[in-house]
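**Q** Can you keep this structure in mind? I'll have questions shortly.
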Amino acid sequence: MNAILNFFKPKRGVHPPEHKAESTQLPIAKLAMPQKLVLPLRQHIGNMPKVLVSVGEHVLKGQLLATPECTVSAAIHAPTSGTILSISDAIIPHPSGLPDKCITLIPDGKDQWTNLSLVDWRSAPKEALIASLCTSGIVGLGGATFPTHIKLRSSGKSSIQTLVVNAAECEPYITCDDMLMREHADEIIQGIEIAQYLLGAEKSVIGIEDNKPIAKQAMQTAIAGKPISVVTVPTQYPSGDARQLIHLVSGIEIPHDKRATEMGVQVFNVATVRALYRYFTFGEPAINRVVTVTGNVAQPQNFEVLFGTPLPALIQAAGGAKPDTTHFIMGGPMMGFDLPSTEVPITKATNCIIAASPHLFAPPPPAMPCIRCARCAEACPIQLQPQELYWFAKSDAFEKARDYKLFDCIECGVCTYVCPSNIPLVQYFRYAKSEVIAADKAKEAADLARERNEFRLARIEREKQERAQKHAERALGTKAEAAKAASASGYVAKEANTAEAPSSSTSDEEAAKAAKQAAIAAAIERAKAAKAAAAATGLAPKNTTPANPAVEQEIAEIDARRKNVGLENSKEAPITADAEKQAKIAAAIARAKAMKAATEAAKNGEK
Amino acid sequence: MSRSPYITNAPSVSTIMLKVLLALVPGIFAYAWIYGGGILVTITLATITALAAEAALLKIRQRPIKPHLLDLSAVVTAWLLALALPPLAPWWLIVVGTLFAIVIAKQLYGGLGYNPFNPAMVGYAVLLISFPLIMTKWPAPLVLAQTKLSFLDQLSFIFNQALPNNIQVDAITSATPLDYLKTHLKLNQSLSEISQAPIFGVYGAKGGEMVTGAYLLGGLYLMQQRIISWHLPTAFLGALSAIALVFYVADPEYFASPLFHLTSGASLLCAFFIITDPVSGPTTPRGKLYFAAGVGVLTYLIRVYGGYPDGVAFAVLIMNMCVPLIDAHTQPRVFGHEK
């Protein structure tokens, strides 16, 4: 009966060959001290921390080398004692292959600890614990590397009911979490207790795939009556995705526009909670992690590796790479990436290194056209329609792709995995996402610039009108006085300033004319001042040289329009591209007025 | 940008097509058993024509020839068209139909993956409209034929339209049950009278029932292999049965039973092999249900009220037109989104 039901149920996700047995034969080994350690300053999501040490300085193990500048950042500590050789750019393990700032440390071999400050998590106030965590350097060790103190701090804003501990480790080949659970289950459980306490969560659930029975047993033994439960989830990639795992262990489906914390759930990786335990029990900051070395190496194994350890040292420890190794992959075969160089250091994000060979990872055959078989849609854990998204991404119809929820794609690669036509679907989606993000950024910048400019122009216009108004008022005042004087003395002041009083008439018309002329004079003065200022700074006034006859023609036309709308006073102002803008503003104002009139008319009509 | 995933596990397009061909084999055997070996000639001829046309068009369109011939999609089209044609169709009819399917309906639209209409059904519809007489003239099942043609006789008939001296064309052909039903209902005969004719079997066409059973076998294999989803055949057969049942209950003397409709004509071929063409069909689960149900209802209406005895080809083509609309309006709920 179950078989029949399963037949009708869509099979979300995939179950690739696990290849986990290779690297679980031997226990976690401690790597020998490497010759040098290269510590990228950015090993986490967020801003680069501020370097506290200088070249040539001797540092102790666990000493703070770089401190987080603002909230979303993480500290870097010395993984061992030694001397700072350099602080400069080096290749980091990132898909881009771009260099980033790194601290290079030459170990002195003494491995001498600094004085570690220990906070007792059971007695100290939570704020103090979180503050102390800021400089612990602990980040999400599942691969996301999000600073842990932020995830724990968020408990203040929304109440967390459930702590989900991610022990799914759904990617093939990777076994670092599996081995960590087998060997350090007690430390993990104590770490969970700390995290649960800091979050104020009511319960903790460990989600673990059913292909790790030994680890599960170890965890259950370590729990020993504590209010922590273990939930086994089927071995089905990508069950380790945070939202997928939450759904699997708790049934809660996190809405796409909400964070898990808003739904009362927080997720931590097993290695991260273990790091919390080490920090709050021994004061140990984040200086090492467990890394799986597997694939085309002589002896696949897990190692406890100091951050900054160069990759060759690690490969050597695993018996060296076999001769047909072409390159190294960081992460798993579903979501990992080619390391740009063999010289990169191990960082907080490095959970697995796979030596790749054409035998292990054959290059895919050439892509065929999509036959719309919808296997991708069936396998997609998010229930997207990759075949449609592919069509949109291919034809650069990014808006359409967004409508079809492109940004819900978690890039797990399941669609590519099942595609009979060998279409690299997930790459298309990564491309489409980056294009949409770039376009959004460009649009945002353009919008902001336009808004600023419009505001500026409106302000200039307003100020101009205010000035004109003032002049007019002043002129009117003078006029009135003159008229008073004239009526008193009985003669016309013919010798008076022609600009101020061309005739003895006291009509408003005259006053307006005077105001206009005053405005012209003011404009000329302003233009002169601007020119002088520009000359003083040695800069040619911008936008004042017509580029070509076409532009001149356009300006002439604008001038004509300006006359029509009665803006000829401002003619004396530098007429250039600015003039065009002003014409536009005038037009916009006119439009706005017309619209207002129309709406009012409509309102009246409604009434 | 990352190159992952580094591993894949999917049957190739060729494998999928090969399995479809494999699933057709029982049907072809049943067909040959009922109507004689002529069908093998028809299939061979259609296959050769399809591959030649595909290769020629790929060359003209400057596309790689080998991978696209090896994807076997042209062969599937050829076989489906051949199985839809009358068993003793003249060679030129087969060639014209196949050429139309491959050249016009498939390659001119952009080749594999780009054709909005089911190529085999386009070829079939063109022939049905252009040559209605030949297209509706089916040989009587061998069990009923007054004169039985040998394989060589059939071969000669396909290529020369020549029959052994003592045999008349009328002696070897007969109306199909769907055709017979239509004609005789117009003569005001009741269904119970009509179904006394020897061409009727237990439910549908004598002999045709066996082919239908063989298609069902092949279809179940494809479902088990997850080449086709259950949505399409289930919705098609369900809708066809449901509408036939409504009419049948209303007037059993005028409207044939659901079982008759299921076992006659191209119903089962359609359910498992024609509407399951992924390229010209919808991709969403709900869309598949609507699409197949639409084909089922239209097939019935064309059979009962249309001008042609069977309505599968037109029903499929009409529903092909609706696919973009169906897909757009049946998008499944995305994880973390409201319905």
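Read-outs: derived from the displayed coordinates by stated rules, not from any lab. All values derive from a computational prediction rather than experimental measurement. Cβ sites come from the backbone with ideal geometry, for glycine too, and all protein chains shown count toward neighbours.
**Q** I'd like to know how region B:1-66 sits against the 2.2 N^0.38 Å rule of thumb: what's its Cα Rg over that expected value?
**A** 1.65
**Q** Can you tell me what percent of all Cα-Cα pairs in region B:12-174 are more than 21 Å apart?
**A** Distances greater than 21 Å cover 47 percent of the Cα pairs.
**Q** Taking R0 as 56 Å, what FRET efficiency do you get between A:Asp100 and A:Gln469 from their Cβ-Cβ distance, rounded to the nearest 0.05?
**A** 0.45
**Q** Give A:Lys20/A:Lys101; A:Lys405/B:Lys339; A:Lys36/A:Lys110 a once-over and call out the pairs whose C-alpha atoms are over 24 Å from each other.
**A** Distance filter (> 24 Å) returns A:Lys20/A:Lys101.
**Q** Continuing with the same structure: May I ask what percent, to the nearest 5, of DSSP beta bridges between residues of region A:184-311 are antiparallel?
**A** Bridges in region A:184-311 are about 50 percent antiparallel.
**Q** Which distance in Å, rounded to a whole number, links the C-alpha centroids of region B:118-139 and region A:77-150?
**A** 75 Å
**Q** Let me confirm the definition first: pairs of Lys residues in region B:12-174, 8 or more apart or on different chains, C-alpha distance under 28 Å. How many are there?
**A** Value for region B:12-174: 7.
**Q** What residue among B:Ile65, B:Ile43, B:Ile326 has the largest mean-square fluctuation in a Gaussian network model of chain B, using Cα springs under 10 Å?
**A** B:Ile65
**Q** Same structure again: Return the Rg/Rh value of region B:181-328, two decimal places, where both radii are evaluated on C-alpha atoms and Rh is the Kirkwood radius.
**A** Rg/Rh: 0.99.
**Q** What ranking, highest mean first, results for peptides A:401-410, A:444-453 when packing means the other Cβ atoms within 10 Å averaged over each residue?
**A** Order by mean packing, descending: A:401-410, A:444-453.
**Q** Related question: Cα centroid distance between region B:2-23 and region A:441-457, in Å?
**A** 50 Å
**Q** Report, to the nearest 10°, how far helix B:13-35 tilts away from the longest principal axis of the Cα atoms in chain B, using its own Cα long axis and a range of 0 to 90°.
**A** Result, in degrees: 10.
**Q** For chain B, just say rounded, prolate or oblate: build the C-alpha gyration tensor, square-root its eigenvalues into a ≥ b ≥ c, call rounded for a/c under 1.5, and beyond that prolate if a/b exceeds b/c, oblate if not.
**A** Since a/c reaches 1.5 but b/c is at least a/b, the shape of chain B is classed as oblate.
**Q** If you don't mind, another one. Please determine, in degrees from 0 to 90 and to the nearest 10, the orientation of helix B:38-60 with respect to the longest principal axis defined by the Cα atoms of chain B, where the helix direction is its Cα long axis.
**A** The angle comes out near 30 degrees.
**Q** Of the beta bridges DSSP finds with both residues in region A:17-356, what % are antiparallel, to the nearest 5?
**A** Around 60 percent antiparallel, to the nearest 5.
**Q** Distances over 14 Å make up what percent of all Cα-Cα pairs in region A:97-139?
**A** Tail fraction, whole percent: 69.
**Q** For the pair B:Ser192 and B:Trp230, how long in nm is the line joining their label points, each one 7 Å along Cα→Cβ?
**A** Inter-label distance under the simple model: 3.9 nm.
**Q** Hey, rough spin-label estimate for A:Val55 and A:Leu118, points 7 angstrom out along Cα→Cβ, what's it come to in nanometres?
**A** A separation of 3.9 nm, rounded to one decimal place.
**Q** Evaluate Rg over Rh across region A:42-173, taking Cα atoms for both radii and Kirkwood's formula for Rh.
**A** In region A:42-173, Rg relative to Rh is 1.00.
**Q** Ignore the peptide's own chain and count Cβ atoms of other chains within 10 Å of each Cβ in A:396-408; give me the average, rounded.
**A** Going residue by residue through A:396-408 and averaging, the value is 1.
**Q** Can I ask one more? Using only the Cα atoms of region A:17-356, each taken as one equal point scatterer with no solvent, compute I(q) by the Debye sum, divide by I(0), and report log10 of the ratio at q = 0.08, 0.09, 0.11 Å⁻¹.
**A** Ignoring solvent entirely, the Cα scatterers give -0.35, -0.44, -0.68.
**Q** Give me the mean projected area, in nm² to one decimal, of the convex hull enclosing the Cα positions of region A:32-86.
**A** Taking a quarter of the hull surface, the average projection is 3.8 nm².
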